[in-house]
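Beneath this line is the structure, given in structure tokens, with notes to follow.
The values are calculated or read from the model by the stated rules, or taken from the named source; none is laboratory data. Keep in mind that what you see is a predicted model, and the values were worked out from it rather than measured. Please note: Cβ atoms are built from the backbone with ideal geometry, for glycine as well, and neighbour counts cover all protein chains shown.
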Amino acid sequence: MIKLNFPEFEFKLKKIESKTFIFDFVRKRYFLLTPEEWVRQHVLHFLVSNKIPKTHIAVEKKITINNLNKRFDVVVFDRNYNPLMIVECKSPSVKINQDVFDQISIYNLKIRSKFLMITNGLNNLYFKIDEKNKSHIFVKEFPLL
């Protein structure tokens with residue numbers, strides 16, 4: 001896998017029948033190592049390295065929006081378990097564009113978090129939700145949650 005724009009982390013990998021799997025320490029099991037999963041695992045380690053307790057992180061959970069089942073990548077909760085940040089992970093080959101921003105914004109209609117993070121592992125974008133003006137404010141660095 002390629003080097004991403006995150007600090008170096010140690011991952012537990014294993015091979016089964018020529019396929020590589022990576023251990024997800026939040027979900028406590030191995031997952032097929034796809035480019036998107038590589039990004040997601042970097043995000044999880046990054047969050048914990050930024051003092052987010054793993055008990056405050058949900059990974060790939062189903063939500064229903066307009067009678068459609070969707071799955072968010074990562075949601076971070078505050079100490080009262082209110083949604084604080086949604087993270088949308090894409091493969092490094094996927095460009096971060098308006099479609100990705102629209103996707104996470106739709107998820108946030110249901111989740112109602114205070115921050116959004118969009119990443120393909122190479123580009124990490126952060127936004128604060130401005131409830132009063134119904135807008136998104138670009139944040140240059142990882143927000144101190």
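Summary of computed values
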read-out	value
Condition met for ARG71 (touching a His at 6+ places or on another chain (Cβ under 8 Å) and either within 28 Å of ILE129 (Cα to Cα) or at pLDDT 95 or above (or both))	no
Candidates SER135, SER93, filtered to the one that is of a type in the set (Gly, Ala, Ser), without any contact (Cβ under 8 Å) to a residue 12 or more places away in the chain and out of contact with any Phe, Trp or Tyr (no Cβ under 9 Å at 6 or more places or on another chain)	SER135
Residue match in the range 80-89 (condition: more than 17 Å from PHE115 (Cα to Cα) and assigned to a loop (DSSP other than H, G, I, E, B))	no
Qualifying residue in the range 83-102 (condition: farther than 21 Å from PHE127 by Cα and at pLDDT 95 or above)	yes
Counted residues, the range 53-73 - those being free of Cβ contacts under 8 Å to residues at least 24 places away in the same chain, farther than 17 Å from ILE118 by Cβ and not hydrophobic (A, V, I, L, M, F, W, C)	7
Selection status of ASN120, buried (at least 19 other Cβ atoms within 10 Å of the Cβ), at pLDDT 95 or above, among the polar types (S, T, N, Q) and out of contact with any Cys (no Cβ under 7 Å at 6 or more places or on another chain)	yes
Hits in the range 129-145 (condition: among the charged types (D, E, K, R) and either assigned to a loop (DSSP other than H, G, I, E, B) or surrounded by 19 or more Cβ atoms within 10 Å (Cβ to Cβ) (or both))	GLU131, LYS132, LYS134, LYS140, GLU141
Some residue of the range 18-36 being under 27 Å from PHE138 (Cβ atoms) and at pLDDT 95 or above	yes
Matching entry among TYR126, TYR107 (being assigned to a strand (DSSP E or B) and more than 10 Å from the chain's Cα centre (by Cα))	TYR126
Selected residue (only one of VAL76, VAL87 is crowded, with 16+ Cβ neighbours inside 10 Å, under 15 Å from PHE138 (Cα atoms) and touching a residue at least 40 places away in the same chain (Cβ under 8 Å))	VAL87
Residue identified as surrounded by 11 or more Cβ atoms within 10 Å (Cβ to Cβ) and assigned to a loop (DSSP other than H, G, I, E, B) among PHE46, PHE9	PHE9
